[in-house]
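K.L.:
Next up is a structure, given as structure tokens.
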Amino acid sequence: MGHLASSPVRTGAALAGLFFCSLSAGAQRLQRVDQATRDSVPDSRFPIAWLIGGSVVVAAAVSDQELEEESLEYRSATLDKLEHTGNVLGSGVFLLPALGATYVAGLVVRQPRLTNGALHVAAAYLAGNIVSSVGKPAIGRHRPDTTGSPWRFRPLASQGAWHSLPSAHTLHAFTLAGAISEEARRPWVTISAYSAATLIGWSRVYADEHWTSDVAVSAILGAAIGHGVVRFLHARRAAGERVQWWPTPRGIDVRVAW
């Protein structure tokens, strides 16, 4: 774990490899599954996931202070390395280039489903980033500190100390996990993606950067965004719509064409 966290090139390559393998699995599966059928079948997992997620949020919210104290009490060199690894994996400086590398790889191997998958995941990431950027100042929850009080809020605050909810690292990680899982629909992909996202979320609590309930809420939001955006894009594509992307001086222009 320490080697992964200490080498930016190795970290980026590992993420790109994970994205490539995961989305390749999804591309291969879609070649054997009718697109309209894939997206017309409702996913029965979502109601159960919302119920479990809501229960976790409530449990975390009523125990935030106690959970922070326990996290600060139990420290070790191994846990420190795991936290550092989770923090590195959740950084956009590695996630975005890895997605870009996956898209380029799809072009090189002439796999349009792979490139489309990378774009779908990137669209989900963008949606999650918007939610995080707007939510942090709008909610204005104070980060953990020596006071131990988890219920301090100052909406529209500009200082970083008041940007605890949502956790950007966690929301981004679970958005990517949800999007990749939805794109691939393979058990090993889902387990791998959500395991990595869970490590990232835990690292934010261990580093005392966020309350446990921040991470729980961010995880649920991220997963919902990831699955929802990818399902939406696939449904539009099945209906004959195409999502067009191209770079502009101000960023990336996105349009839906019929």
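K.L.:
Arrange ASP214, ASP145 by Cβ neighbour counts within 10 Å, fewest through most, would you?
P.N.:
Ranking ASP214, ASP145 by Cβ neighbours within 10 Å, fewest first, gives ASP145, ASP214.
K.L.:
Can you put GLU70, GLU182, GLU83, GLU209 in order, fewest other beta carbons within 10 Å first?
P.N.:
Ascending Cβ contact count within 10 Å gives the list GLU70, GLU209, GLU83, GLU182.
K.L.:
Just rank VAL230, VAL108, VAL121, fewest to most, by other beta-carbon atoms within 10 angstrom.
P.N.:
Details: VAL230 25, VAL108 10, VAL121 29.
Listing VAL230, VAL108, VAL121 from fewest to most nearby Cβ atoms yields VAL108, VAL230, VAL121.
K.L.:
Oh, and also: Using the beta-carbon distance between ALA235 and LEU51 and R0 = 25 Å, what value does 1/(1 + (r/R0)^6) give for FRET efficiency, to the nearest 0.05?
P.N.:
0.55
K.L.:
Using the alpha-carbon centroid of each, what span in Å lies between region 51-84 and region 100-139?
P.N.:
So the two Cα centres are separated by 29 Å.
Read the figures in this text as sums done on the coordinates, not as results from a lab. Note that this is a predicted model, so its numbers are computed, not measured. Quick reminder, even Gly has a Cβ in these numbers, built from the backbone with ideal geometry, and neighbours come from all protein chains shown.
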